[in-house]
1. For the stretch B:8-78, what is one quarter of the convex hull surface built on the Cα atoms, given in nm²?
2. Per residue of B:7-13, count partner chain C-beta atoms within 10 Å of its C-beta, then hand back the mean as an integer.
3. Which of the peptides A:50-57, A:257-264 is most tightly packed, and how do the rest follow, judged by the mean count of other Cβ atoms within 10 Å per residue?
4. For the protein assembly as shown, give the magnitude of the charge dipole about the Cα centre (Cβ charges: +1 Lys/Arg, -1 Asp/Glu; no others), in debye to the nearest 20.
5. How long are the three semi-axes of the equivalent ellipsoid of the stretch A:67-201, in whole Å, if each is the root of 5 times an eigenvalue of the C-alpha gyration tensor, listed from largest down?
6. Quick one: which residues, 5 or more positions from A:SER113 or on another chain, have an amide H under 5 Å from its amide H? H modelled 1.01 Å from N in the peptide plane, none for Pro or chain starts.
7. Would you pull out the residues with amide H under 5 Å of A:TYR4's amide H, same chain only if 5 or more places away, H placed 1.01 Å from N?
8. By average Cβ neighbour count within 10 Å, what is the ranking of A:283-292, A:31-40 from highest down?
Amino acid sequence: MAEYFTRMGDGEALWQSEDELRADVEAGVEDAVKRGKAKPLDDADIAHLMDILKMPEKNVSVERGCEGIHTFDAGTLKLPIRSAVPVSRHVTLLIHERILCSDTMELCNTDYSFKMVKNCAPEEAMQMEQAQQDMIMPVFYGAMPNLGLYTKPDGQFDNWAELLPQGKIKEAMDAQEGAAEQCYEDMLYISSLQAEAGACGIQFDTAGASGDADLLAALKTTKALKEKYPDTCVTMGMANEFTLGMHGKLEFEGDKLAGKYPRDQVQSCAKAGVDMYGAVINTNSSRSFAWNLARSVTYVKECTEVATIPVLVNAGMGVGGIPLSAVAPTDATTRASKALLEIGKADGL
Amino acid sequence: MVMKGMRIGEAKKYVADKLHCDVFDLTDSAKMKEIRESLDLGTVNDRPHASYGMSAKIKIAELLDIKIPSVELFKKKLGAAL
C-alpha cells in the first residue's frame, strides 16, 4: 500500500497510508465536534483535505481564485530580532513590502506587550509616522494585552494564578477586574498615539492569553478606539481556540466571554468594532499533522460561515494545524494554507 | 478590506471594479505591474520619477475611494486638500 510523507505535530517526519491519514482526519474533525461542538466537515471537504495531504509535491499552492491576504503579527520582531539581521525596523517594513511582498505589516516593540510600550509610546508613534511616509502597504502597530504583567511583582495586582489554588476566588476575580481596567487604559493611550501618528490600524495580538479578563480589556479598548478614530482599522488575534475562564463571569455587551470558541469569538470581536479577526487553533504536538489540520479547518470553516468580518487564521509554528517547531516545514505550511483558504474559506492568514 | 472591513471576495471585486480589470487580474503579477505602472500606484521595482510611499498612497486613496489615516494626516500637515 502506498505511503504518504507527512509529519507529527512536533514536526517529526512520518509516513502514513491513505487509511491512516483518513483515520486521523476523521479523528481531528471529531475532536473539534466533541470539544467545541463545531459543525463537522462534510464528505466533500474531507475528500478535498485528503487530496491536499496526499499531493506528491513538496510545496503546494491554492487554486486560482482562492488567494487570500498574507498578514503578519510580531512583524518587526522577525528580521532584526529573531533572525538577528542587522536592519532597522523601518528597513524591515520596506523588505516586507518590496521583497517579501507582504500584504500588511506590523511595527512592534521587542518586548511585545502594551504595558512595556507605555514608557516609549511617543517614540513608537514617531517611528510609525516616519514609516508611513515610505510605505504603501497598510502598516499596523501591534502588541499583546498580556494581562499577567499587571500582577505583582511587575504590577500592582495580586496574581490570580496564585490566588485561585488557595481558594481565594473573590480576590482572584477582583484582581483580574482591576488589571483589565489598567490594561485597557494603557492600550487606549498607546493606540491613540499610534492612530494620531497615521497608523493604518492597531493589532491586538494573542488576546485572551491570560483568560477572559485579558480578552475583555482588548474588546473594551477596541470599542473606545473606534469611537475616537473610526477610520483606524483594528485586527485582533486570539490566544487560543478556547477563551479561558480565569475569571469566569466577565461579559462584553451582554455576552459571557469564558468558553468561547472561534465561531463565538468572531461575533464578540465584530460587536466591539474589530475589522479583522485572527482565529487561533492550537496544535497538539502528540498528534499527526493530518489530525491537527482537520481539527483546525473544522473550527475555521464554521467560523467563516458566521463571520461578518474578515477571518485571518493564525498559521505559524504551533497554530493553524502547523507543527510546533521553531522552523515550520514548508510542506506543512503550504498544505495548511491551502486547506484553510480552500476548505475553511478563510479571508487570509 | 482593511479600511472597509470587507470579506475577501467582496474586497477583490471592489478593487477590480475601481481598477477596471477582472478579479482574476489582481493575482496576475504581470498584469498588475502594467496596471500599477499605468496608474502610477507604486511597484515593487522602483523606476525614475515613479511614485512610491506617500505619493503612491495618495493616488491609491483617491482611486479606491478610501480614507487612509496617514494620507489624511499628511494632507492636514500640508494645510490644504490634495
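Rule-based calculations on the coordinates, nothing more; no lab input. If you're wondering where the values come from, they're calculated on a predicted model, not measured in any experiment. Quick reminder, even Gly has a Cβ in these numbers, built from the backbone with ideal geometry, and neighbours come from all protein chains shown.
1. Details: hull surface 21.1 nm².
So the mean shadow area of the Cα hull is 5.3 nm².
2. On the way: counts 8, 13, 3, 2, 4, 4, 0.
Mean partner-chain Cβ count within 10 Å for B:7-13: 5.
3. Details: A:50-57: 14.6, A:257-264: 21.8.
In decreasing order of mean packing, A:50-57, A:257-264 become A:257-264, A:50-57.
4. Details: 48 positive and 64 negative charges, 134 e Å.
Once rounded to the nearest 20, the dipole reads 640 debye.
5. Working: eigenvalues 226, 47, 34 Å².
Working from the Cα gyration tensor, I get semi-axes of 34, 15, 13 Å.
6. A:MET144
7. Here the answer is A:GLN16, A:SER17, since their amide H atoms fall under 5 Å of that of A:TYR4.
8. Numbers: A:283-292: 22.7, A:31-40: 16.9.
Per-residue Cβ counts within 10 Å, averaged per peptide and sorted highest first, yield A:283-292, A:31-40.
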